1. Fewest Cβ neighbours within 10 Å first, please rank Thr191, Thr159 accordingly.
2. Given H placed on each backbone N at 1.01 Å, which residues far from Lys206 in sequence or on other chains put an amide H within less than 5 Å of it?
3. Counting only helical runs of four or more DSSP H residues, what would the 222 nm mean residue ellipticity of the chain come to if each run contributes -39,500 (n - 2.57) and the total is spread over all its residues?
4. Counting only other residues whose beta carbon sits under 13 Å from that of Ser262, what net charge do I get with K and R as +1, D and E as -1?
5. If we count every other residue with Cβ under 14 angstrom of Leu58's Cβ, Lys/Arg +1 and Asp/Glu -1, where does the sum land?
6. Arrange Ser310, Ser227, Ser148 by Cβ neighbour counts within 10 Å, fewest through most, would you?
7. If you plug each phi of region 151-158 into the Karplus form 6.51 cos²θ - 1.76 cosθ + 1.60 with θ = phi - 60°, what whole-Hz ³J(HN,Hα) values come out, in order, with x for Gly and Pro?
8. Please arrange Val337, Val44, Val87 by how many other C-beta atoms lie within 10 Å of their C-beta, fewest to most.
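No value in this document is a laboratory result; all are computed from the given coordinates. Here the structure is a predicted model, which means the values were calculated and not measured. FYI the Cβ positions are ideal-geometry reconstructions off the backbone, even for glycines, and counts take in every protein chain you see.
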Amino acid sequence: MERTELIASLKEILGEENVLASEMDLTLYGYDASLEKGRPDAVVLPGSTEEVSRIVGLAYREKIPVIARGSGTNLSGGTVPVRGGIVVHLSRMNRVLEIDIPNRTVTVEPGVLTLDLQNLLLKKGLQYAPDPASQKVSTLGGNFGENSGGPHCLKYGVTTNHVLGAEVVIYDGTVVWIGGKCPDHAGYDITGLLVGSEGTLGMATKIMLRIIPAPEAVKTMLAIYDSIEDAGNTVSAIIAEGIVPATLEMMDNLVIKAVEESVHAGYPMDAAAVLIIELDGMADGMERQAEKIFDICKRHRVREVRLAKSDAERAELWAGRKGAFGAVARLRPSYLVCDGTVPRTKLPEVLGKVIQVGKKYELPIGNVFHAGDGNLHPLILFDERNREELSRVHKAATEILKICADVGGTISGEHGIGTEKLKEMSFIFSESDIDFMRDLKNAFDPVDIWNPGKVVPARQAATA
C-alpha cells in the first residue's frame, strides 16, 4: 500500500483530525527517551477499542508495522518505529472506566496517566502501588508494556503484580479479554505474558488493575554516608534483619550534586551516597522498625540519619530522587541509563566495577537506583554530538550489563529491552532460549507487525 493510500484509509477510520502525517509530526513521534531514532509512516490517535481494532485489521491485511505509544518516556527504544509503520498514540483513550472498591480493582484505558490515577484513588483511601519516576507523565498502557517498577517495587512489586486482566487487540484486529476480577483463571497466564512484552504481542485497550488500601502511616528517612560501600551494605543488612521497607533508594555523589543544584532537596553535597528509606503501613510498630533501621545504619558507619518531620519535607526528599534523571542535564547534554539488576548483596562489588568502567572509557557515570531490589541505574553522561564519545558510551553500557549478568543478575529491571539491549540478550539466554521466544512471537504475531525489531534478536543468516 502506498503511503498516500494508507493515510487516506486511516482518515476514513479516524477522521482527518486524528491522523498526523506532516514532517514535523513524523519527526516528533520518531524517538523516545532512549538514543534510538526512527520515522513512522503515519501517527494515529484512536478514541476507542473499535477504532484500534480497525487500524490493526488494516495493518494486518497490508503487513504494516504497528507501534503502540503513550507518553514516550521509555528508555530503551521500545516505541521507536525502526521499520516505519503506524504509531498508535493512545492519549485520547484516557478514561478511568470503573473503580470497584468491594473487589479492589480499577479498570482504565491505556492513556490514563499513572499519577492521575494514584491521586484519584488516594481521595478514596486507596492506592495503586507501582510508581515509576516518570509517573507524572507516563501512561498505564506504557507501564503495562514495559512492566514498569519504581521506588515502591521493593515492597509492592512491579506492574505485573498489579495487573489482573486486560482487553487486548490481537494481530488481525480481533478483540479478546484476558484475566479478570477472580484471583485465579483456568488456562494459560496470557496476562503475565503480555505485561512487559513491549507491544510485540498485542495492544491493551483496557487494563484491570489491583488496588490496595492506602497506608495508615508513612515514615521517610535520609541516611547520609561517606562511603558508597557502607550505604550498599546497609541495604543488605536491613533486608537480612527481616525488615521490608516500602523503598530503599540510593544516589551517589555525582547525582547528589546535580540534584541539589537543580531541586534543592536538602541533600549534603559532600556525601559519597545517600539512602532514602521509607516505611509505610500500620502506625503501630512503625516506630520500633524505624529504631531498628537507625541501629543498622549506625553499625554501617552512617554519618547522619534525617527524619522527614512533615509531608512537605518528605515531598522535598522525593522531589530530589524523582528529578534525578532530569537534573543530570546540568552536567552533560546527554545520558544513557543502564538498567541492570543484581542480587542486593552484590551491590558494593558491582558499584565498584561500574566506577572502573567509567574510568576505563573516560566517561562520568552517576548512580541512582532502587537499591532494595538491586536494580541499578548507572547514568553514563556524554554529548551525543561527539560520535567517538558516543561509541565509548555504547561499549561502557554493554560492559556494565555484562558485569550485572556475571554476578547472577539480569540486563533489565524495569526499562525493558527495546532495541538498545538486543545483543545483550545473549548474556542471560542461550540461543535455544531465544529461539523459543521467537516461536512465541510468531504464534502471537504471524505476520510480524507488532512493534518489530524489539525485545527478541533476529535470527542470524546462516553463513556458507
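1. Starting with the residue having the fewest Cβ neighbours, the order is Thr191, Thr159.
2. Hits under the 5 Å cutoff: Glu167.
3. -10500 deg cm²/dmol
4. Net charge around Ser262: +1.
5. Taking every Cβ under 14 Å from that of Leu58, the sum is -3.
6. Ser310, Ser227, Ser148
7. Rounded to whole hertz, the list is x, 7, 5, 4, 8, 9, x, 9.
8. The most exposed by this proxy come first: Val337, Val44, Val87.
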